[in-house]
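K.L.:
One structure coming up, written as structure tokens, with questions to follow.
The values are calculated or read from the model by the stated rules, or taken from the named source; none is laboratory data. Note that the structure is predicted; figures quoted are calculated from it, not measured. Reconstructed Cβ throughout: ideal geometry from the backbone, glycine too, with neighbour counts over all protein chains shown. To get the accessible areas, we keep the full protein, side chains included, count just its heavy atoms, and leave off ligands, DNA and RNA. Shrake-Rupley method; radii C 1.70, N 1.55, O 1.52, S 1.80 Å.
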Amino acid sequence: KLSYIYHLAGLARANGTISEDILRNAFSATEDGFLALVRRSCGIKPLIAAIGSCCLVGVIWRGTLYVANLGDSRAVIGYLGRSNKIVAEQLTRDHNASIEEVRQELRSLHPDDSHIVVMKHGVWRIKGIIQFDVGLHATVTAVFICVLTVVCSLVFAYELVHQVSRSIGDAYLKKPEFSLDPSFPRFHLSEPIRRPVLTAEPSLCTRVLQPSDKFLIFASDGLWEHLTNQQAVEIVSNSPRAGIARRLIKTALNEAARKREMRYDDLKKVDKGIRRFFHDDITVVVIFIDQESLSTKMPVLEQSVKGFADSIGPSNFNIL
């Protein structure tokens with residue numbers, strides 16, 4: 001996470017602005033840096049080649065929102081539509097093999113590989129792979145720099161079906177030099193890869209913020225498995241701001257329990273290692289858009305906030 005923030009801040013400082021190219025270049029620098037770490041470490045820790053992460057980034061710069069993502073974390077904006085009703089708009093594209101468009105993209109990039117996407121046990125998997133223990137998956141940490149918001153995803157996952165088509169890391173699915181031998185059967189590929197199976201090329205979205213834009217929800221895919229975009233924005237719109245991220249998570253967990261014909265309190269008692277079979281990790285950041293501050297130029301540290309959950313206040317983050 002800090003690596004991406006470091007690269008983004010450095011590029012923004014060098015160029016004096018934010019743009020889609022700067023976000024894209026920060027992804028590239030982060031990927032290059034992680035692959036260099038894998039190259040240095042794989043002789044001692046070969047499974048580092050199987051570690052990867054989704055990444056979701058949002059930047060508000062001079063009234064414009066820039067969003068970039070790899071993987072299936074999602075950014076959704078809530079805005080006031082007709083009749084003053086809150087409306088959800090998804091800003092990101094999910095890079096997940098469960099989506100037909102993503103499967104078609106993978107097949108077009110790998111026309112000579114009939115196993116690029118495989119259906120196993122009712123789930124579409126890239127190269128038929130299911131990962132245990134070492135996968136890094138999406139949790140969300142927010143850092144605000146000036147009127148600049150960065151959200152990255154990283155956390156250890158107990159079980160990760162390899163459905164994500166874009167990521168940071170997952171080196172063994174990107175470069176033949178990082179392939180794992182048969183002593184690691186979960187990650188061993190029957191044939192060497194001819195070209196990268198996954199990429200670190202982000203999808204990007206730019207939006208000039210309007211007075212009708214009220215808030216942003218940045219969340220890992222665990223939330224979106226149980227709530228629609230519209231359900232999520234209605235919860236945020238109709239609830240007090242304090243504790244709103246927790247409220248979204250609790251609503252999703254209640255839905256996960258209902259699908260298993262369980263009570264929420266019983267789900268909470270399930271051991272963390274086993275919980276992974278009941279629901280994915282769920283991390284949420286809700287960002288309320290202050291239209292007045294967007295039009296006011298403030299020094300970096302006065303406008304900077306570093307937060308997790310419901311915290312708010314001055315930040316000691318001073319890379320810029």
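K.L.:
Among the residues of segment 86-124 satisfying the criterion of being among the basic types (K, R) and open to solvent by 70 Å² or more (accessible area, probe 1.4 Å), which is modelled with the highest pLDDT?
P.N.:
Among them, the one singled out is R107.
K.L.:
Within segment 27-47, can one find any residue that is surrounded by fewer than 15 Cβ atoms within 10 Å (Cβ to Cβ), aromatic (F, W, Y), over 30 Å from N238 (Cβ atoms) and in contact with a Phe, Trp or Tyr (Cβ under 9 Å, 6 or more places away or on another chain)?
P.N.:
No, segment 27-47 contains no residue that is surrounded by fewer than 15 Cβ atoms within 10 Å (Cβ to Cβ), aromatic (F, W, Y), over 30 Å from N238 (Cβ atoms) and in contact with a Phe, Trp or Tyr (Cβ under 9 Å, 6 or more places away or on another chain).
K.L.:
Is there any pair linking a residue in segment 12-24 that is closer than 17 Å to L70 by Cα to one that is open to solvent by 70 Å² or more (accessible area, probe 1.4 Å) and assigned to a loop (DSSP other than H, G, I, E, B), with Cβ under 8 Å and at least six apart or on different chains, and which?
P.N.:
Close Cβ pairs (under 8 Å, with a partner that is open to solvent by 70 Å² or more (accessible area, probe 1.4 Å) and assigned to a loop (DSSP other than H, G, I, E, B)) amount to R24/E201.
K.L.:
Filter segment 191-222 down to the residues that are among the small types (G, A, S), outside any strand (DSSP E or B) and closer than 24 Å to G71 by Cβ, then identify the one that is most open to solvent (accessible area, probe 1.4 Å).
P.N.:
A200
K.L.:
Now, a different point. Does A309 satisfy being modelled with pLDDT of 70 or more and either under 29 Å from Y4 (Cα atoms) or in contact with a Leu (Cβ under 9 Å, 6 or more places away or on another chain) (or both)?
P.N.:
So A309 fails the test.
K.L.:
Being open to solvent by 60 Å² or more (accessible area, probe 1.4 Å), farther than 26 Å from V164 by Cα and either hydrophobic (A, V, I, L, M, F, W, C) or at pLDDT below 90 (or both) is the filter here; which residues of segment 223-260 pass it?
P.N.:
Once the filter is applied, which keeps residues that are open to solvent by 60 Å² or more (accessible area, probe 1.4 Å), farther than 26 Å from V164 by Cα and either hydrophobic (A, V, I, L, M, F, W, C) or at pLDDT below 90 (or both), segment 223-260 yields A242, R258.
K.L.:
Given the condition of a type in the set (D, E, K, R), out of contact with any strand residue (DSSP E or B) (no Cβ under 6 Å at 6 or more places or on another chain) and in a helix (DSSP H, G or I), answer yes or no: does some residue in segment 47-62 qualify?
P.N.:
no
K.L.:
Conditions: (1) at positive phi; (2) surrounded by 13 or more Cβ atoms within 10 Å (Cβ to Cβ). S83 meets all but one. Number of the miss?
P.N.:
That leaves (2) as the condition not met.
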